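Structure first, commentary second.
The values are calculated or read from the model by the stated rules, or taken from the named source; none is laboratory data. Being a predicted model, the structure only gives us computed values, none of them experimental. Cβ atoms come from the backbone with ideal geometry, glycine included; neighbour counts cover every protein chain shown. Surface accessibility is based on the protein's heavy atoms, side chains included, excluding ligands, DNA and RNA. Shrake-Rupley method; radii C 1.70, N 1.55, O 1.52, S 1.80 Å.
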Amino acid sequence: MSEQPDIRLLLADVDGTLVPKDKVLTEATKQVVRELRRAGVFFAITSGRPPRGMSMLIEPLALQCAIAGFDGGVFVNPDLSVIESHTLDAATAKQTVKLMLDQGLDVWVYTEDEWLIRNRDAPYVARETNTVKFDAKVVASFTDYLAHAVKITGISSNLDLVAACEKLAQSNLGDNASAARSQPYYLDVTSPKATKGTVVATLSKLLNIPPAQIATMGDMPNDVSMFRKSGFSIAMGNASDEVKAQASAVTDSNENEGFARAVRKFVLRQVNS
């Protein structure tokens, strides 16, 4: 591992990183974010979630930076006003839905402000509703919404199938989209401009902080692109070996205060030294 740079911004994934399985911020996490602020280090979050699905984190973490939802598909201010968004082109969106359905995945489509599903009783709908704290809209067809799709998610409890579809989507969609798993059971497809690597670049411009002075923390394959664009990267203990191998350092799991431990060990220690 190369010498650690001076960190001025920490960018963290949410699910599997910032929050444990119950999706509730721990006191240790809230405390360490306050310590970052006192130390003069910016803190920002990014997620495959819609921006609305992160609104419950804004006040307890006193977020001040732009928030990147849909893996960078939509950037919003802390008041949820949109800074910029990146939609899939309609043809790619149509191809994505067909590919996922053909492979046996259920499909959800997200626009800038709506979450669209075909069946309210489908697997993971109830779980996602509990996570993002708003209801999906049931539609008979996605056709009328594909021109406005910011993210398309393929869902299955067959985790090997989701992993295989990730590779198939990357191969078939090529440069027209970004395809990566945000959870073992979710495959997210977004605009090629919407990756967590792009989030690093956008926040670098907005805050005038060089990427070399940005640290990133995550646990899933869709976090690797931000690892590659930042000066220092931290994989969660619950990440796969493949993800861990592409990070600068590894912390404990999200169930064992891995976020707070990493902030103290890798960010605050160098700031205070």
Three-way shape label, region 226-273, alpha-carbon gyration tensor, a/c 1.5: oblate
Region 12-130: C-alpha gyration tensor shape, a/c 1.5 cut-off, then a/b vs b/c: prolate
For region 179-273: rounded, prolate or oblate by the Cα gyration tensor [a/c cutoff 1.5]: oblate
Rounded to 5, percent antiparallel among DSSP beta bridges of the chain: 55 percent
For region 71-159, Kirkwood radius (reciprocal of mean inverse C-alpha pair distance, Å): 13.8 Å
Reported label for calculated mean projected area of the Cα convex hull in nm² given (1) 15.0; (2) 13.0; (3) 33.5: (2)
Fraction of antiparallel bridges per DSSP, region 1-76 only, in percent to nearest 5: 30 percent
Relative contact order, percent, the chain [alpha-carbon distance under 8 Å, six or more residues apart]: 21 percent
Label-point gap, in nm, between LYS265 and THR26 - each point 7 angstrom along Cα→Cβ: 1.3 nm
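Share of antiparallel DSSP beta bridges in region 1-133, in percent to the nearest 5? Before the final figure, lay out each step's value.
Details: 8 of 15 bridges.
Of those bridges, close to 55 percent are antiparallel.
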Rough spin-label spacing in nm, given labels placed 7 Å along Cα→Cβ, for VAL138 and ASP241: 4.4 nm
Share of carbon and sulfur in the accessible heavy-atom surface of the chain [1.4 Å probe, %]: 47 percent
Where the chain is the region considered: accessible area per residue in Å², 1.4 Å probe: 43 Å²
Two-site label geometry, ARG34 and VAL82: point separation in nm, points 7 Å out along Cα→Cβ: 3.6 nm
Those lysines that a straight Cα-Cα span of less than 19 Å connects to LYS21, excepting residues fewer than 8 apart in one chain: LYS30, LYS133
Integer Hz, Karplus 6.51/-1.76/1.60 couplings in order for region 50-57, x for Gly and Pro: x, x, 4, x, 10, 4, 6, 9
Residue (of SER47, SER85, THR96) at the positive-pole extreme of region 23-113, dipole from beta-carbon charges: SER47
